[in-house]
Amino acid sequence: MNILVIGNGGREHAIIAALSKSPKVDKIYCMKGNAGIAELAELVNVNYCDLNAVGDWVDSHPDVKYTVIAPDDPLALGLADELEKRGHRVFGPNKRAAEIESSKAFAKALMKKYGIPTAKYETFENYDDALCYVRNGKFPVVLKADGLALGKGVLICETLEDAEKGLAQIMLDKAFGDAGNKVVVEEFLTGKEFTPGEEVSVLAFTDGKTIVPMIASCDHKRAYDGDKGLNTGGMGTFTPCPFYDKETADEVMNKIMLPTVAAMNAEGRPFKGVLYFGLMRTPDGMKVVEYNARFGDPETQVVLPMLKTDLFEIFQAITDERLSDINIEWEEGACVCVVLASGGYPVKYEKGKEITIGDLDDGVFLYHAGTKRENGILKTDGGRVIGVCAKGKTVEEAREKAYANVKKISFDKMHYRTDIGIKYNK
């Protein structure tokens with residue numbers, strides 16, 4: 001079967017790499033893709049946020065029997081609805097279901113209504129009201145732009161001054177565009193040991209009836225070592241998460257995952273696709289930090305390489321609402337991904353830097369995020385450029401292998417964290 005994958009980052013490269021292993025998949029198209037994806041798929045230069053343009057392209061390519069929508073923006077706009085309306089088979093939630101990510105206010109209200117554990121919060125559409133609230137609150141405090149902001153619309157404010165600047169940045173300066181028309185002000189959760197940052201990401205396959213979690217992973221959102229600097233779309237990941245044991249997984253399944261699927265069904269928004277649970281371990285148990293309506297990036301880059309089951313078969317089962325028929329299996333061991341970013345990311349950075357790549361060790365794989373080829377030369381084309389991924393028997397072994405190969409890649413002003421995989425593994 002010929003298929004189309006929507007998206008152009010490291011997540012999509014990882015998805016396409018997994019799908020290309022399926023004996024049921026023939027040709028893969030990717031809209032828009034990048035230089036790495038171009039080695040596995042035919043690139044299609046169509047704006048995937050233009051729903052009619054995408055629909056017309058799929059209509060004009062009857063050989064394409066299935067479309068995988070990976071990024072948040074087209075899901076939030078309703079691309080799945082548009083393609084299904086035209087009679088095409090699609091992987092990805094519809095617009096109403098995707099609102100669990102595209103509106104943090106909706107997600108928080110859903111959790112409050114259905115008793116799903118999360119941080120205490122208030123939602124504001126008026127800047128002065130939000131300012132008054134934070135001036136009378138506790139610190140640290142978390143500010144979240146309501147809409148989609150490329151993973152950057154979350155500010156952790158240590159002081160009142162930070163919070164005042166953050167609110168102005170989101171609601172007045174519109175640093176995240178219309179995503180900041182509404183803001184969620186949230187309590188800062190502490191970890192179980194009363195230390196910040198005991199977070200874990202768990203992606204899950206669901207067809208709206210059955211939910212099957214993938215292996216847990218840990219993301220590193222901040223730009224610099226030691227979790228310093230601004231939030232980014234993710235500077236690296238590792239799996240497995242050392243504190244995510246069977247007891248914790250059972251707690252999450254019974255108190256968070258199953259109630260979330262049931263809540264979405266009760267609201268008339270059945271969710272079919274990949275549901276991402278950003279979780280925090282706290283003194284009061286596991287709590288939801290955020291939902292995503294799709295594969296996480298860069299979590300996908302360490303999770304899918306460990307998948308033994310045919311990914312395309314899983315996708316088809318979700319579309320047909322028969323996920324319970326699939327036995328999903330995972331490899332033993334660990335995987336680490338180190339993101340190579342452009343200098344200045346996530347604020348201001350340059351593109352078009354030539355990338356050189358030496359001979360990589362066996363078992364190391366590169367997932368391209370922001371790359372392009374000009375006259376045969378590989379160049380940077382985004383903030384996050386390449387994810388260097390490696391497997392090992394342990395996180396430490398995988399980490400050493402990944403960093404040994406990071407040194408074989410270079411471009412002007414290349415930036416990366418040196419502590420990916422150390423968190424919780426000391």
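The values are calculated or read from the model by the stated rules, or taken from the named source; none is laboratory data. Because the structure is a prediction, the values reported are computed rather than measured. Quick reminder, even Gly has a Cβ in these numbers, built from the backbone with ideal geometry, and neighbours come from all protein chains shown. When the accessible area is computed, the model is the full protein with side chains, heavy atoms only, and any ligands, DNA or RNA have been set aside. Shrake-Rupley method; radii C 1.70, N 1.55, O 1.52, S 1.80 Å.
Computed over protein heavy atoms with a 1.4 angstrom probe, the accessible surface ordering of 58, 289, largest first, is 289, 58. Using only side-chain charges placed at the Cβ, +1 for Lys and Arg and -1 for Asp and Glu, the dipole size of region 1-145 relative to its Cα centre rounds to 720 debye. Secondary-structure-derived ellipticity at 222 nm for the chain, considering helices only, amounts to -7000 deg cm²/dmol, per-run term -39500 (n - 2.57) for DSSP H runs with n ≥ 4. Share of carbon and sulfur in the accessible area of region 125-235 stands at 51%, probe radius 1.4 Å.
The apolar share of the surface of region 327-426, taken as the fraction of accessible area on carbon and sulfur atoms (1.4 Å probe, ligands and nucleic acids excluded), comes to 44 percent.
Relative to its residue count, region 90-202 spans a Cα convex hull of 125 Å³ per residue.
Between region 195-224 and region 68-113, what is the C-alpha centre distance in whole Å? After rounding, the separation between the Cα centres reads 19 Å. Averaging 1/r across all pairs of distinct Cα atoms in region 302-397 and inverting the result yields a Kirkwood radius of 16.0 Å.
Heavy-atom accessible surface of the chain, averaged per residue, reaches 42 Å², computed with a 1.4 Å probe.
For region 29-95, which whole percent of the accessible surface, found with a 1.4 angstrom probe, sits on carbon and sulfur atoms?
After summing per-atom areas, the C and S share lands at 45 percent.
Rg over Rh for region 346-426 works out to 1.00, using Cα positions for both radii and the Kirkwood form for Rh.
Stretching the chain fully between residue 85 and residue 251 yields a gain of 55.9 nm (0.36 nm per residue, less the alpha carbon separation). Here the relative contact order of region 10-91, from alpha carbon pairs under 8 Å that lie six or more residues apart, stands at 22 percent.
What fraction of the Cα pairs in region 1-121, stated in percent, has a spacing above 19 angstrom?
Numbers: 3606 of 7260 pairs.
Counting every Cα pair in region 1-121, those more than 19 Å apart make up 50 percent.
Using Cβ point charges alone (K and R +1, D and E -1), the dipole size of the chain about the Cα centre works out to roughly 220 debye. Loop sites here are GluC sites (Glu not before Pro) outside DSSP states H, G, I, E and B with no more than 12 other Cβ atoms within 10 Å. The longest part of the chain free of them is 194-328.
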